[in-house]
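Undergrad: This is the structure I want to talk about, given as structure tokens.
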Amino acid sequence: MMAGRSYLLLVLVFLTACSHIGFDGSHVDVGVHLDISLDGQGPTDSSLDGSQVPLDMAPDSSVDVMVCTLPSPTLPAPPSAPFGGVSLLTSLNSPASEDDPTLTADELEIYFESNRGGTPQLWRSVRRDPTLSWPAPELVAELSTTRANTPRLSRDGLTLYFAGVGPGGDEDIFVTTRADRTSPWLDPVRDEALSSEFSDTGAVPFLEESGVEARGLVFYSLRPGGAGGGDLWITFRTTGVSCHLWSPVLPLVGLNTPVSEANPWIRNDGLVVVYQTGGDLFMVTRPDLTSAFVAPQALTELNTAANDDDPWLNDALTKIYFSSPRTGNAELYWASR
Ligand SMILES: [Ca+2]
Ligand SMILES: [Ca+2]
Ligand SMILES: [Ca+2]
């Protein structure tokens, strides 16, 4: 309804967006094109209220979407020093395989995948202080029958994304929540907007604020439409239903290549990505959310001839957790700088 009126409103916003990229200290308004809508029929969403802004997610794409206001946390530039020596997370590893470490922002809780129980399952360890070593892990029992793998925690530890088996038998992205850190996880829900008939996994939320759903998400998929060989994809919360919906997913600009890019970690500001390609860990940055990532750098001090993979880092980029089968089977490691 009121498509003409809505379009006029959007054109007015377009003119405003073209005249500025606004920073108010805690949020960033980013916007470029508004003349092409998702369905090619002109904008029809009349819910635009000033808290929702257009974001050109792919500079060369014909897909422009209306996304919700994005937080812009101020985080430090990557340190220039290399990571120091790599250490095994001895208390978490076993004779079986471990990978996919993911932590809460306070570094008091770690989840990972292990097949020590005979099948790949999610395990966790909780500590009282981030300077303490990790106690022996326990099985995440309430998720143990879902064939869950590749876990990724939200900063507050109340949302968990993971890969599970979809209706077509391929990997899809599931999400579950819990009321607090000691409550069990609720029944997981398959995210239809993020899942395809191809393998979809490694979903990492970012642009998180306290008490608000993450407004960005990056994941790995074998779906076509990227550079090929497995690519990293990005999406943002878009207008409608209180900013709960995901916009159409798009390949991460400037990062994907014809070989495989996989298992991303993205910092909460959306400006730093660490991922695996060619069996090695790479870091790549960009100056702002509307720019492409450029010039990925191998983390040579961490990489070996084995498949070094599954990074998780703290905000300051001074600690990294990852997995590697460098000693035979996959184990969890960490390093600092
Ligand atoms: Ca899938
Ligand atoms: Ca690729
Ligand atoms: Ca390697």
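The values are calculated or read from the model by the stated rules, or taken from the named source; none is laboratory data. Just so it is clear, the structure is predicted and the values come from calculations on it, not from any experiment. All Cβ positions, even for glycine, are placed from backbone atoms using ideal geometry, and neighbour counts span all protein chains on display.
Undergrad: Among all residue pairs at least 6 apart or on different chains, which show Cβ distances below 9 Å where the first residue, located in segment 207-230, is touching a residue at least 60 places away in the same chain (Cβ under 8 Å) and the second is hydroxyl-bearing (Ser, Thr, Tyr) and within 16 Å of ligand 1 (Cβ to nearest atom)?
TA: So the pair list comes out as Gly216/Thr235.
Undergrad: Another one. Any idea how many residues of segment 272-326 are more than 25 Å from Glu109 (Cβ to Cβ), away from ligand 3 (no atom under 16 Å from the Cβ) and assigned to a loop (DSSP other than H, G, I, E, B)?
TA: Adding up the residues that qualify gives 8.
Undergrad: Can you tell me which residue in segment 252-272 is surrounded by the fewest Cβ atoms within 10 Å (Cβ to Cβ), limited to those that are more than 9 Å from ligand 2 (Cβ to nearest atom) and among the small types (Gly, Ala, Ser)?
TA: Across segment 252-272, the extreme among qualifying residues is Gly254.
Undergrad: Here is a follow-up. Based on this model, can you work out whether Thr146 counts as at pLDDT below 95 and either in a strand (DSSP E or B) or farther than 17 Å from Asp310 by Cβ (or both)?
TA: On the way: at pLDDT below 95: yes; either in a strand (DSSP E or B) or farther than 17 Å from Asp310 by Cβ (or both): yes.
Spelling it out, Thr146 is indeed at pLDDT below 95 and either in a strand (DSSP E or B) or farther than 17 Å from Asp310 by Cβ (or both).
Undergrad: Then there's this: Checking the structure you have, find out if any residue of segment 234-250 is without any contact (Cβ under 8 Å) to a residue 24 or more places away in the chain, within 16 Å of ligand 2 (Cβ to nearest atom) and closer than 25 Å to Thr159 by Cα.
TA: No, that holds for no residue.
Undergrad: Within segment 95-126, can you find the residues that are assigned to a loop (DSSP other than H, G, I, E, B) and under 26 Å from Asp269 (Cα atoms)?
TA: Selection gives Thr104, Ala105, Asp106, Glu107, Leu108.
Undergrad: Continuing with the same structure: Just give me the residues in segment 134-147 being in contact with a Phe, Trp or Tyr (Cβ under 8 Å, 6 or more places away or on another chain) and within 23 Å of Trp334 (Cα to Cα), in sequence order.
TA: Passing the criteria: Pro137, Glu138, Leu139, Val140.
Undergrad: OK, next. So, in segment 218-233, how many residues would count as being buried (at least 24 other Cβ atoms within 10 Å of the Cβ) and away from ligand 2 (no atom under 12 Å from the Cβ)?
TA: Selection size over segment 218-233: 1.
Undergrad: Pick out the one residue from Leu132, Leu92 that is surrounded by 15 or more Cβ atoms within 10 Å (Cβ to Cβ) and either away from ligand 2 (no atom under 16 Å from the Cβ) or in a strand (DSSP E or B) (or both).
TA: Leu92
Undergrad: Hey, any hits in segment 286-293 for a residue that's among the β-branched types (Val, Ile, Thr), closer than 26 Å to Trp334 by Cα and buried (at least 16 other Cβ atoms within 10 Å of the Cβ)?
TA: no
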